[in-house]
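First the structure, in the form of structure tokens, and then the observations on it.
The values are calculated or read from the model by the stated rules, or taken from the named source; none is laboratory data. Only a predicted model underlies this, so the values are computations on that prediction, with no experimental measurement involved. Virtual Cβ from ideal backbone geometry, glycine too; neighbours counted across all protein chains shown.
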Amino acid sequence: MIYEHSRVGRRAMAQAPSEKVDMAGIPDAMLRTSQPPLPEVSEMQAVRHFTRLSQKNFSIDTQFYPLGSCTMKYNPRVCNTLASLPGMLSRHPLAPDTHSQGFMACLYELQDILKTATGMHAVSLTPAAGAQGEFAGVGMIRAYHDDRGDKERSEILVPDAAHGTNPASAVMCGYKAREIPTGSDGDIDIEALKSALGPQTAGIMLTNPSTVGVFEQRIKGIAELVHAAGGLLYYDGANLNAILGKVRPGDMGFDVIHMNLHKTFSTPHGGGGPGAGPVGVSKRLEPYLPIPMVDFDGNDYRWLTERDRPDSIGRLSAFAGNAGVLIRAYIYARLLGREGMHRVSEYSTLNANYLLKRLMETGFDAAYPERRASHEFILTLKKQAKELGVNTMDFAKRLLDYGVHAPTTYFPLLVPECLLVEPTETEAKEDLDRFVEIMRTIKQEAESQPDMVKQAPHTMPVRRLDDVRAARELDLAWKPGD
Amino acid sequence: MPFIPHTEKDIREMLATIGVDHIDALFDEIPSELRCGELDAIPPGMPEMEVSRLMQTRARADGQPLCFIGAGAYDHHIPAAVWELTTRGEFYTAYTPYQAEASQGTLQLLYEYQSMMTALTGMAVSNASLYDGASALAEAVLMAVRGNRKSKSKRILLPRNLHPTYRRVVHTIVCNQQIELVEVGYDSVTGSIDRAELERYSGEDFAALVIPQPNFFGVLEAVDELTDWAHDNGMLAIAVVNPMAMAILRPAGEWGDLGADICCGEGQPLGSPVASGGPYFGFLCSTGKLVRQMPGRIIGKTVDLDGKTGYALTLQAREQHIRRSKATSNICTNQGLMVTAATIHMTLMGGEGLQRVAAASHANTGKLTQALTSLPGVETAFKGAVFHERVLRLPIEVTKALRALAAHNVLGGFDLSDDYPELGDAVLVCATELRNNDDIENYRGKLERVIQSQVQTPCQLKPDW
Ligand SMILES: Cc1ncc(COP(=O)(O)O)c(C=O)c1O
């Protein structure tokens with residue numbers, strides 16, 4: 001704990017102005033009576049402390065990180081270097097257009113690149129992450145229906161396999177989220193969908209390939225059904241890595257989409273963010289896109305605001321969203337180019353199918369063995385849990401001991417004892433082979449010494465944590481005397 | 001192939017294992033009529049060398065003007081160590097700490113962040129971040145509507161002297177939940193919330209009063225009276241604060257008799273560069289009573305099987321991945337990396353350091369005000385005490401004046417004429433600790449010439465000197 005290094009009167013002297021604090025002009029009653037109790041440490045103590053903390057993390061730069069649905073691929077260093085050029089970092093968000101042409105050129109071109117890559121009519125870059133993109137997208141669906149005087153639509157349909165943000169976003173937009181079951185083949189249960197559709201349907205939110213890692217083959221038919229009922233289709237772009245350059249959400253019939261640039265466009269995940277969740281729309285939703293957007297008249301770039309776009313659902317952040325993330329995604333897109341984008345889906349799919357095949361040969365069960373894997377796939381450890389009493393969580397924790405970040409566990413909720421595995425295109429064959437060997441070893445350990453696996457991890461900075469205590473005896477901040 | 005390690009041999013072997021002839025066969029479940037062709041409109045790939053050249057040109061194109069704009073994004077010194085450490089791969093390329101045992105670095109850091117934010121704001125608890133200050137306020141409003149048991153209304157009092165974009169963002173985010181935002185005007189003499197107008201709502205049912213400190217004009221509010229007034233009327237008090245101001249001003253947790261209930265704001269002044277508006281981070285703190293209404297991640301301290309201290313995500317039953325449609329918010333990915341920077345930043349500055357930055361920014365804005373108001377016709381618009389921003393009235397058209405200044409590489413402040421036409425030719429200026437006496441004199445000299453030339457030849461946009 002950084003506070004343990006704290007001593008009264010110590011500080012990193014070089015970092016603050018040399019003048020003493022003088023608040024002339026502010027009435028005493030408005031001032032603090034004592035200094036805020038922040039750590040008092042030297043610069044070296046801080047550097048050592050946070051360097052050591054960093055070493056307690058798994059990360060893409062240090063470990064294989066096949067966290068399904070999150071696309072943990074290599075984040076090219078140059079994207080950070082160039083996004084951190086002095087002119088980029090020092091540009092104030094409210095600088096006039098005359099001092100923003102370089103920055104706006106990048107955003108404008110990124111809008112275009114994303115439009116082409118997804119087959120959508122127009123793109124707004126401003127949502128700060130996938131979930132905010134969902135909020136904007138469902139908000140646009142609402143604005144569209146409202147504008148047509150079609151105010152009875154009250155439900156957004158979401159598959160039971162959907163990510164939790166989908167129903168939560170629908171509710172934030174004032175809708176009820178209604179679940180649609182998934183069929184045994186991993187595709188949507190069409191009969192259930194048909195019976196759920198009606199005049200109350202505002203739209204449906206789908207991920208394709210879905211969160212169970214297979215391509216929804218009847219997507220065209222689904223689009224027709226939903227459109228016939230007067231609803232619109234929302235595409236959750238979390239899995240865009242699987243289809244980049246192969247098939248586009250716009251061509252599948254989606255009206256509105258978000259992309260997770262921190263996944264498909266390889267911007268860093270940063271220990272939980274920041275991300276960026278641009279939204280793309282078909283022509284009929286274009287007026288509602290969130291602002292600001294960037295326009296180009298052939299000579300100059302300029303911001304599109306309330307004045308230009310009176311029907312917009314509005315603004316989602318104080319300025320233009322996570323600008324630095326957008327710049328990193330733009331740089332990545334320019335490095336890759338069109339041919340590189342095709343390769344993203346090709347090699348992520350190759351890696352996933354290879355890894356799945358090898359794991360099946362090793363005795364693991366695929367949740368959907370009859371289906372082609374997309375860029376990710378689901379294993380179900382039902383058998384191991386039943387026969388050996390070693391469940392998915394135990395496997396996940398034991399993987400950490402072998403220096404591999406665990407795949408996503410227990411998501412989607414409908415597959416029992418599941419691991420969602422997404423190797424991404426940037427992993428080499430030998431690293432996939434190593435993962436297979438580790439899984440084989442853990443399976444053997446589960447047979448011969450199940451208790452050891454159930455107690456894993458054994459080599460991490462801490463062993464399994466008491467989550468119940470964390471929630472019951474809430475300790476959310478250090479206090480003097482701790 | 002950039003970033004793809006596969007050799008021809010790897011590909012052959014992998015395809016053989018899978019049992020297909022070529023990679024394209026792996027897309028056989030996608031109906032062929034849906035397949036897209038080449039993405040011709042996307043330019044071909046470029047090597048790092050060329051992309052570097054392109055980006056350097058773009059960055060240079062925007063120049064590095066001398067900036068006196070604040071208005072929600074503040075240019076402060078960031079110790080070199082902050083981003084040296086933050087961009088370590090172990091922080092930069094990790095994700096949400098779902099596997100706690102392999103994420104103790106991020107988890108402990110977030111716990112330390114929560115500790116520092118509660119220290120700074122005087123509140124009981126903090127979450128681990130939201131997207132930005134504006135969306136954090138929207139979440140605070142939703143939280144207040146859920147959390148105020150005394151109020152049956154979904155009405156919120158939102159002052160007009162709150163950041164105009166924050167007001168718009170709150171509207172965008174809460175409007176579909178039938179929440180009504182009622183605007184309260186400001187006192188035209190002091191620039192602070194109009195108490196007489198507020199008094200008119202006394203006794204009415206509102207879920208919360210939003211109290212900015214400082215407000216958008218830089219002016220300090222009578223936060224004690226406002227907080228007590230809100231509580232006397234059964235409302236929650238939502239503080240929207242500049243975290244740098246919290247280093248010297250009375251923290252939100254100590255406002256009035258009971259303290260604010262929720263405190264949120266923009267974390268950018270704590271270690272994030274202004275960088276075109278993002279990524280920054282929103283912070284959100286509250287009383288202990290409201291913790292179960294909080295959106296976003298929260299980290300708790302606990303013990304492992306051996307009784308050793310460790311850190312984990314906690315109260316997850318509030319969150320979308322558990323509670324789905326009944327979650328307190330849809331937020332998932334937050335702004336972790338910016339919080340990493342903020343935590344290191346606060347550590348390196350310490351309480352004394354932040355106070356010195358706050359005081360120096362306050363003093364520099366005072367000097368700037370003095371320098372500019374020495375020019376004929378330039379005057380302060382409000383009498384209230386300020387933190388580090390000030391509204392000035394100009395004797396010439398403000399939009400033209402700012403354009404002329406920009407042409408000479410000075411960004412003279414935020415033009416208030418669109419959002420507050422009633423203020424006339426008014427500009428919001430800010431001088432942080434990074435603007436020195438020479439910078440201030442530079443601005444004064446250029447404004448003097450702009451005023452002179454515009455008074456003489458009113459239509460000329462770019463004075464010739
Ligand atoms: C399928 C799916 N949908 C939506 C999201 C939400 O995106 P974000 O975390 O960027 O808000 C995620 C990822 O976290 C996801 O995996």
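Below, the figures for the structure above:
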item: Any hit, region B:14-26, residues being without any contact (Cβ under 8 Å) to a residue 24 or more places away in the chain, surrounded by 18 or more Cβ atoms within 10 Å (Cβ to Cβ) and more than 7 Å from chain A (Cβ to nearest Cβ); result: yes
item: Filter result (among the charged types (D, E, K, R) and either part of a helix (DSSP H, G or I) or buried (at least 21 other Cβ atoms within 10 Å of the Cβ) (or both)) within region B:133-172; result: B:GLU139, B:ARG146, B:ARG167, B:ARG168
item: Meets criteria (at pLDDT 95 or above and not in a helix (DSSP H, G or I)) for A:ILE222; result: no
item: Residue within region B:86-106 that is out of contact with any Lys or Arg (no Cβ under 7 Å at 6 or more places or on another chain), more than 30 Å from B:ASN409 (Cβ to Cβ) and surrounded by fewer than 18 Cβ atoms within 10 Å (Cβ to Cβ) present; result: yes
item: Odd one out for A:SER374 among (1) within 8 Å of chain B (Cβ to nearest Cβ); (2) within 25 Å of A:GLU216 (Cα to Cα); result: (1)
item: Selected residue (only one of B:ALA41, B:ALA73 is within 7 Å of another protein chain (Cβ to nearest Cβ), within 14 Å of B:LEU434 (Cα to Cα) and part of a loop (DSSP other than H, G, I, E, B)); result: B:ALA73
item: Top-ranked residue in region A:280-308 [being within 13 Å of chain B (Cβ to nearest Cβ) and farther than 13 Å from A:TYR108 by Cα; ranked as farthest from the ligand (Cβ to nearest atom)]; result: A:ARG307
item: Count of residues meeting criterion [of a type outside the set (Val, Ile, Thr) and facing chain B (nearest Cβ under 7 Å)] in region A:309-342; result: 19
item: Residue that is within 30 Å of B:ALA71 (Cα to Cα) and surrounded by fewer than 24 Cβ atoms within 10 Å (Cβ to Cβ), where the choices are A:GLN132, A:GLN101; result: A:GLN101
item: Verdict on A:LYS454 being surrounded by fewer than 21 Cβ atoms within 10 Å (Cβ to Cβ) and farther than 30 Å from A:HIS5 by Cα; result: yes
item: Strands (runs of 3 or more DSSP E) enclosed by region B:266-384 - at least 1 residues per element that are among the aromatic types (Phe, Trp, Tyr); result: B:282-286, B:309-313
item: Residues (more than 7 Å from every other protein chain (Cβ to nearest Cβ), over 14 Å from A:ASP433 (Cβ atoms) and of a type in the set (S, T, N, Q)) located in region A:343-354; result: A:SER345, A:SER348
item: From the options B:LYS326, B:LYS289, B:LYS367, residue that is within 30 Å of B:GLY191 (Cα to Cα), surrounded by fewer than 23 Cβ atoms within 10 Å (Cβ to Cβ) and more than 7 Å from chain A (Cβ to nearest Cβ); result: B:LYS367
item: Test: residue in region B:124-132 that is touching a residue at least 40 places away in the same chain (Cβ under 8 Å), surrounded by fewer than 24 Cβ atoms within 10 Å (Cβ to Cβ) and not in a helix (DSSP H, G or I); result: yes
item: Scope region A:178-202; condition touching a residue at least 60 places away in the same chain (Cβ under 8 Å) and within 16 Å of the ligand (Cβ to nearest atom); matching residues; result: A:THR182, A:GLY186
item: Residue that is surrounded by the most Cβ atoms within 10 Å (Cβ to Cβ) [pool: residues in region B:248-274 that are at the interface with chain A (Cβ under 10 Å from one of its Cβ atoms) and closer than 18 Å to B:LEU130 by Cα]; result: B:GLN268
item: Lone unmet requirement of (1) touching a residue at least 12 places away in the same chain (Cβ under 8 Å); (2) within 24 Å of B:GLY336 (Cα to Cα); (3) surrounded by fewer than 21 Cβ atoms within 10 Å (Cβ to Cβ) for A:ARG77; result: (1)
item: Any hit, region A:94-101, residues being without any contact (Cβ under 8 Å) to a residue 12 or more places away in the chain, within 25 Å of B:VAL51 (Cβ to Cβ) and among the acidic types (Asp, Glu); result: no
item: Sole exception among (1) exposed (fewer than 14 other Cβ atoms within 10 Å of the Cβ); (2) modelled with pLDDT of 95 or more; (3) within 7 Å of another protein chain (Cβ to nearest Cβ) for B:PRO47, by number; result: (3)
item: Filter result for B:SER192 (more than 10 Å from chain A (Cβ to nearest Cβ), buried (at least 21 other Cβ atoms within 10 Å of the Cβ) and either hydroxyl-bearing (Ser, Thr, Tyr) or over 21 Å from the mean Cα position of the chain (by Cα) (or both)); result: yes
item: Scope region A:125-177; condition part of a strand (DSSP E or B) and either within 16 Å of the ligand (Cβ to nearest atom) or within 9 Å of chain B (Cβ to nearest Cβ) (or both); matching residues; result: A:ILE156, A:LEU157, A:VAL158, A:PRO159, A:LYS176, A:ALA177
item: Selection status of A:VAL41, crowded, with 21+ Cβ neighbours inside 10 Å, at pLDDT 95 or above, more than 16 Å from the ligand (Cβ to nearest atom) and not aromatic (Phe, Trp, Tyr); result: yes
item: A:VAL214 touching a residue at least 24 places away in the same chain (Cβ under 8 Å) and either touching a Phe, Trp or Tyr at 6+ places or on another chain (Cβ under 6 Å) or closer than 20 Å to A:SER124 by Cβ (or both); result: yes
item: One residue from B:LEU354, B:LEU375, B:LEU348 being over 21 Å from the mean Cα position of the chain (by Cα), in contact (Cβ under 8 Å) with a residue 24 or more places away in the chain and more than 16 Å from the ligand (Cβ to nearest atom); result: B:LEU375
item: Candidate set: region A:54-74, residues that are surrounded by 24 or more Cβ atoms within 10 Å (Cβ to Cβ) and either among the β-branched types (Val, Ile, Thr) or in the same structural domain as A:TYR330 (by TED's automatic domain parsing) (or both); chosen: the one farthest from the ligand (Cβ to nearest atom); result: A:ILE60
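Here's the yes/no breakdown for (1) outside the structural domain of A:GLU216 (by TED's automatic domain parsing); (2) assigned to a helix (DSSP H, G or I); (3) farther than 21 Å from A:GLY68 by Cβ; (4) within 16 Å of the ligand (Cβ to nearest atom):
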| site | (1), (2), (3), (4) |
| --- | --- |
| A:ASP236 | no, no, no, yes |
| A:ASN241 | no, yes, no, yes |
| A:ASP251 | no, yes, yes, no |
| A:HIS258 | no, no, no, yes |
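Residues checked against (1) within 16 Å of the ligand (Cβ to nearest atom); (2) farther than 22 Å from B:ALA260 by Cβ; (3) not assigned by TED's automatic domain parsing to the domain that holds B:GLN99:
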| site | (1), (2), (3) |
| --- | --- |
| B:VAL291 | no, no, no |
| B:LYS301 | no, yes, no |
| B:ASP306 | no, yes, no |
| B:LEU313 | yes, yes, no |
| B:GLN316 | yes, yes, no |
| B:CYS332 | yes, yes, no |
| B:GLN335 | yes, yes, no |
